[in-house]
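Have a look at the structure below before the remarks.
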Ligand SMILES: *[C@@H]1O[C@H](CO)[C@@H](O)[C@H](O)[C@H]1NC(C)=O
Ligand SMILES: *[C@@H]1O[C@H](CO)[C@@H](O)[C@H](O)[C@H]1NC(C)=O
């Protein structure tokens with residue numbers, strides 16, 4: 001064998017072993033997902049390298065790459081799309097063109113991206129909003145909240161809250177022809193986190209008279225306390241969202257100080273003074289047997305009280321909506337929760353389902369056995385998956401019937 005072919009063989013083996021990730025058995029289009037995931041990992045490695053060189057923050061590199069997917073607000077035959085502002089917070093607005101008598105429904109959409117990346121203008125989010133507006137003949141408001149590391153908690157929460165509160169005014173609803181009894185807040189991943197937090201906080205806001213009909217939480221992140229749940233353990237290295245990246249997103253939401261990230265990575269970030277909060281995320285009670293498998297519940301290990309004092313945000317229910325008393329859940333709207341089997345955040349969603357049902361909130365839980373985190377992102381070429389289309393249709397179908 002010549003040197004050339006030997007090099008070629010070596011290179012192919014290297015590439016193949018780099019691309020190769022174990023993809024769960026029940027997932028379709030395995031090779032495509034593997035390639036997509038290799039792309040994600042490459043971006044992550046480039047970001048780590050740029051950060052190591054001191055050139056850029058890790059999240060800035062991710063942001064640069066995702067911004068390639070940004071689209072202009074282009075109207076089509078069905079939907080008029082504009083970039084606007086609600087009380088000074090930017091949002092992309094989708095108005096259906098179809099003539100209809102009577103008031104329309106509305107969906108306020110909060111995009112995902114770990115509070116650090118993403119945007120309403122990203123191609124898959126833009127498409128999802130168009131589909132929703134078109135299929136439901138509904139007004140869709142997709143919020144462009146500010147992101148970390150430039151802005152930390154509670155800026156993201158407050159931006160979303162500002163838009164929702166502004167939109168829910170009767171005068172504004174009249175202006176857009178929206179039925180005040182048929183409004184949904186919806187979000188995926190970090191957006192599901194923000195949607196759930198906003199829906200909770202609205203309950204205590206006496207200035208807001210209009211009630212949400214539905215909250216739709218799509219593979220949401222809902223708690224910061226236990227980053228060693230069975231789903232974190234089972235899916236530590238699954239495609240798209242490995243545990244290390246989720247830990248990075250969580251810590252970056254509150255601070256760029258790596259001490260929080262390190263403490264979270266070893267699940268020793270919660271101070272003993274906050275031990276009373278652990279009952280809200282006790283998976284031993286809140287997970288059905290099927291998801292516990294052979295995991296053994298262990299008592300929490302506490303960290304220094306310094307972190308909790310410096311970054312109280314990670315113990316705040318506006319960042320971690322599972323950390324509230326049951327009484328704070330009363331009055332929440334009908335809740336749709338989508339969870340994915342192969343997702344570190346799976347158990348956050350399932351525990352919220354259990355807690356909401358315990359206090360009598362109507363919950364519809366769609367658990368997708370063959371899905372990975374972020375599945376709704378994979379609806380645009382060349383990274384589209386049949387799975388992405390299937391789950392998007394399922395969710396929009398449900399909204400169409402129930403909103
Ligand atoms: C407009 O709506 C129709 C009917 O739902 C659909 O077939 C068509 O593809 C839509 N057009 C665009 C540009 O999405
Ligand atoms: C969690 O639940 C288990 C089983 O009910 C119980 O033994 C344990 O003390 C609980 N832990 C906390 C922190 O609430």
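Here are some notes:
- Qualifying residue in the range 337-359 (condition: in contact with a helix residue (DSSP H, G or I) (Cβ under 6 Å, 6 or more places away or on another chain), part of a loop (DSSP other than H, G, I, E, B), more than 16 Å from ligand 2 (Cβ to nearest atom) and within 14 Å of residue 228 (Cα to Cα)): yes
Quick grid of which residues meet (1) under 28 Å from residue 362 (Cα atoms); (2) surrounded by 14 or more Cβ atoms within 10 Å (Cβ to Cβ); (3) modelled with pLDDT under 95; (4) in contact with a strand residue (DSSP E or B) (Cβ under 9 Å, 6 or more places away or on another chain):
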{"site": "288", "(1), (2), (3), (4)": "yes, no, no, no"}
{"site": "311", "(1), (2), (3), (4)": "no, yes, no, no"}
{"site": "315", "(1), (2), (3), (4)": "yes, yes, no, yes"}
{"site": "339", "(1), (2), (3), (4)": "yes, yes, no, yes"}
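- For residue 132, the stated conditions do not hold, so it cannot be described as free of Cβ contacts under 8 Å to residues at least 40 places away in the same chain and either under 29 Å from residue 252 (Cα atoms) or surrounded by 18 or more Cβ atoms within 10 Å (Cβ to Cβ) (or both).
- Filtered residues of the range 145-174 (kept if farther than 19 Å from residue 104 by Cα and out of contact with any helix residue (DSSP H, G or I) (no Cβ under 8 Å at 6 or more places or on another chain)): 150, 151, 155, 158, 159, 162
- Among the residues of the range 297-324, the ones that are out of contact with any helix residue (DSSP H, G or I) (no Cβ under 8 Å at 6 or more places or on another chain) and within 11 Å of ligand 2 (Cβ to nearest atom) come to 2 in all.
- One residue alone among 319, 298 is assigned to a loop (DSSP other than H, G, I, E, B) and at pLDDT below 95, and that residue is 298.
- For residue 240: the one exception among (1) surrounded by fewer than 23 Cβ atoms within 10 Å (Cβ to Cβ); (2) modelled with pLDDT of 95 or more; (3) under 29 Å from residue 297 (Cβ atoms): (2)
- Considering 331, 360, 349, 374, the condition of being touching a residue at least 40 places away in the same chain (Cβ under 8 Å) and surrounded by fewer than 19 Cβ atoms within 10 Å (Cβ to Cβ) is satisfied by 331 alone.
- Residue match in the range 207-219 (condition: within 16 Å of the chain's Cα centre (by Cα), modelled with pLDDT under 95 and buried (at least 17 other Cβ atoms within 10 Å of the Cβ)): no
- Applying the criterion of being at negative phi and not in a helix (DSSP H, G or I) to the residues of the range 126-140, the residue that is farthest from ligand 2 (Cβ to nearest atom) is 139.
- Residue under evaluation residue 277, criteria (1) more than 19 Å from residue 221 (Cα to Cα); (2) crowded, with 19+ Cβ neighbours inside 10 Å; (3) at pLDDT 95 or above, criterion not met: (1)
- Taking the range 209-270 as the region of interest, the helices (runs of 4 or more DSSP H) fully inside it that hold 1 or more residues being touching a strand residue (DSSP E or B) at 6+ places or on another chain (Cβ under 6 Å) are 258-265.
- Criterion (outside any loop (DSSP other than H, G, I, E, B), buried (at least 19 other Cβ atoms within 10 Å of the Cβ) and on the phi < 0 side of the Ramachandran plot) met by exactly one of 179, 159: 159
- Residue 69, sole failed condition from (1) touching a helix residue (DSSP H, G or I) at 6+ places or on another chain (Cβ under 6 Å); (2) closer than 16 Å to residue 376 by Cβ; (3) at pLDDT 95 or above: (3)
The values are calculated or read from the model by the stated rules, or taken from the named source; none is laboratory data. Note that this is a predicted model, so its numbers are computed, not measured. Backbone-built Cβ (ideal geometry, glycine too); neighbour counts: all protein chains shown.
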